[in-house]
Each structure stands twice: as structure tokens, then as C-alpha cells.
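Below is one structure, written out as C-alpha cells; the observations come after it.
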Amino acid sequence: MQDMDVDLPPLTHEALNWVIHLTSGSATQADARAFEAWRDQSPEHAEAMHAAASLRRTLRAMPLGAGSAVWDNVVPFATPVRASAISRRTMLAGGGAIAASAAMLAVSPPFGLWPSLAEWNAGERTAIGERRTLHIATGVTLEMNGRTSVSLDAQNNGARLITGEAFASVASDARPLLIHAGDEKWTVHDAQANISTSDRQTCITCISGRLTRRDNSVTLRSGERYVAVAGSAPHIVQVDPDLGSNWRRGVLLFRQSPLADVVEDINRYREGTIIIADAKLATRPVSGMFHTDKIENAPRQLQQLLGMKVSELPGKVVVFS
């Protein structure tokens, strides 16, 4: 095959190399931090990641010909790439890796080590342990928990919770707030609600007043939580309203909560991440209280509580097994 050079901006080259390296399975937490520093240098750096995703679509559309000969000698991209152009042969050789890597970035970065493309596009994002209150309209506020991304729709008095957790409060004389979280769309009118969403599940908790699903199929009252888990039918559970938003008071309080839920909440307040390596552990019930200003003690407290193995890795990565 004859080489055909394809000129790409230097930042796009760098973005492609970040995509491949971060999803190679060998990336560390230090790599994730270095990537964030690279991305945050300028809007052009962030845009380069979008260009990398667009290149993925282009590569998938390329006619690769019959048979697998084109893949016989796969040559990975070097890190870093210093040239101002890459050949079509190199693009084809690395095309599978780019396609898989870009798709992974767009949907679900492994263990949340870096934000997804959807999070980058969010108008509002909070850092680890940060809280921020958005005044959407008169009488309408949305308080964001740590590691939360939100996009606002001012025209429709709406907010899309891309990932994380938020507390919505709407006064009786205010325009209803339209909330979109995961695949769920709800209306908050004269009520307070706690909403959380992740790749694992979306939870809508009514703290006071009433919440209505946009299709009018479900109404929640104080103390009711709507849980939508991927691959399962949604269901409603009874909860203590005071527990539904205890994070706003600097306390994480759990009563017979699955370990997976506990870890998801704790990860919003600590650097690095906690990973549950044993699927059976994810459903273990946990009852306890954790202060968010002392959250670094949480892994060891959970170890003592459940008697499980805890491994500490570089970059404050903790593995439960």
C-alpha cells in the first residue's frame, strides 16, 4: 500500500496519543492528572479531543478492503508524536485502537480517572469535594455535589445532570424546574429533590413536596426514591428524607446501603478512586457515618466494618476485594 500523508494539527496528534495511552490499560493516576493539565491549557486543547473523536468516525468509514491483510502489521502510535502529519498506513494500523479509545472516552472512562466528552461539554462542573449552588431562576436553585457535571437550558428552565449529584429546590411561586438525568426526565414544582446519576444507576429522591415524571407515569412524595438501574426495571423505595441530602451538611450517612452506593458517594470527596474488584462485595449492606472532611479514613473504616481486603495503589487508588 502506498503511503498517503494526512496533515493534522499538532494538538490533534497529541490528543490521539492521549486517547490511546489513557485507554491502553497501562495508564496511571499520574497520567490522568497530566492529561487534565494538558487539556486545561486552552480551549484549543479541549477542542483537539473533539477532533480526535471526529477522526475516529472518519477511520471507521474508510474502505479497508477485503481480508485482514491491512491489520497484519499493527504499529501502535508512539508517545509522544512529534511529526506534523501521520501516514494513512499508520492511521489504518492504529484505527482500531483509536475507534475503541475514542468511544470509551465518549461513554465511560475507566473508573472515572478523567472526565468523559459529555462532561467536558457541560456548562457547570465541580471538582473533588467542591459544592456549588446555581441560581437558575427566581425561586429555583440547584446545588451541585462534588464531581458533578450539569448543562443548563435557560429557555425551558431546565437542567441536565450529566453525572454526579445535585439538590434541587423550587419555591411554590416559581416556574417548575425540568430535570433530565440519565434516561429520566422529571418536573420539580414546589418541592425539594435530590438527584444522582452515574453509569450504574439514576436515583430521584423526593425530600419534600411532590415530583412528577415528565410522562406523568410516576409521582413521588416525601420519603420516596425512584431508582433506575441499567438492565433492570425501575422501582420505588422508601427512604428517610433526612438521609436523601445529608451530604449538604458534610456527612455521608448510610443505613443498609449497598457498598457500591457508598463507594460512589465517597469517591466524590477523595482524590483517586475506590474500585470494587469483587462483584459480590458491591451488594454488601453498609450502615455507618462518614464525615466528608475526614473522608480519607473511609477505606479503612469500611475494611474494618466488612472485613474485606484493601489494597492501596499509587495515585490514591484503593481496591476492595
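The values are calculated or read from the model by the stated rules, or taken from the named source; none is laboratory data. Remember, predicted model here, so these are calculated numbers, not experimental data. In this analysis, Cβ positions are derived from the backbone assuming ideal geometry, glycine residues included, and neighbour counts consider all displayed protein chains.
Residue-wise test of (1) assigned to a helix (DSSP H, G or I); (2) surrounded by fewer than 17 Cβ atoms within 10 Å (Cβ to Cβ); (3) polar (S, T, N, Q); (4) touching a residue at least 24 places away in the same chain (Cβ under 8 Å).
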| site | (1), (2), (3), (4) |
| --- | --- |
| Arg210 | no, yes, no, no |
| Val237 | no, yes, no, no |
| Asp242 | yes, yes, no, no |
| Tyr269 | no, no, no, yes |
| Ser287 | no, yes, yes, yes |
| Lys294 | yes, yes, no, no |
| Asn297 | yes, yes, yes, no |
| Leu302 | yes, no, no, yes |
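So, in region 241-277, of the ones that are within 18 Å of the chain's Cα centre (by Cα) and aliphatic (A, V, I, L, M), which residue ends up farthest from Asp293 (Cα to Cα)? Here the residue is Ile276. Just to be sure, is Gly288 in contact with a Gly (Cβ under 9 Å, 6 or more places away or on another chain) and not assigned by TED's automatic domain parsing to the domain that holds Glu224? When the stated conditions are applied, Gly288 does not pass them.
Screening the candidates Lys316, Lys280 for the property of being surrounded by fewer than 16 Cβ atoms within 10 Å (Cβ to Cβ), of a type in the set (D, E, K, R) and over 20 Å from the mean Cα position of the chain (by Cα) yields one hit, Lys280.
I'd like to check something: does region 231-240 contain any residue that is under 21 Å from Cys203 (Cα atoms) and under 19 Å from the mean Cα position of the chain (by Cα)? Yes, that holds for at least one residue.
Looking only at region 158-180, count every residue that is in contact with a Leu (Cβ under 6 Å, 6 or more places away or on another chain) and surrounded by fewer than 20 Cβ atoms within 10 Å (Cβ to Cβ) and tell me the total. Explain how you work it out, then say what you get.
So in region 158-180, the residues in contact with a Leu (Cβ under 6 Å, 6 or more places away or on another chain) come out as 158-159, 166, 168, 170.
This time we only want the ones that are surrounded by fewer than 20 Cβ atoms within 10 Å (Cβ to Cβ), so: 158.
Result for region 158-180: 1.
Is it true that some residue in region 157-169 is assigned to a loop (DSSP other than H, G, I, E, B) and either under 20 Å from Arg221 (Cα atoms) or at pLDDT 95 or above (or both)? For region 157-169, residues assigned to a loop (DSSP other than H, G, I, E, B) and either under 20 Å from Arg221 (Cα atoms) or at pLDDT 95 or above (or both): absent. Evaluation of Arg248 against the conditions (1) at pLDDT 90 or above; (2) in contact with a helix residue (DSSP H, G or I) (Cβ under 7 Å, 6 or more places away or on another chain) shows that the sole unmet condition is (2). For beta carbons closer than 8 Å, sequence separation of 6+ or different chains, a first residue in region 214-231 that is assigned by TED's automatic domain parsing to the domain that holds Lys185 and a second that is part of a loop (DSSP other than H, G, I, E, B) and among the small types (Gly, Ala, Ser), the qualifying pairs are Arg225/Gly244; Ala228/Gly182. State whether one or more residues within region 181-191 are in a loop (DSSP other than H, G, I, E, B), among the small types (Gly, Ala, Ser), surrounded by 20 or more Cβ atoms within 10 Å (Cβ to Cβ) and assigned by TED's automatic domain parsing to the domain that holds Thr148. Checking region 181-191: at least one residue is in a loop (DSSP other than H, G, I, E, B), among the small types (Gly, Ala, Ser), surrounded by 20 or more Cβ atoms within 10 Å (Cβ to Cβ) and assigned by TED's automatic domain parsing to the domain that holds Thr148.
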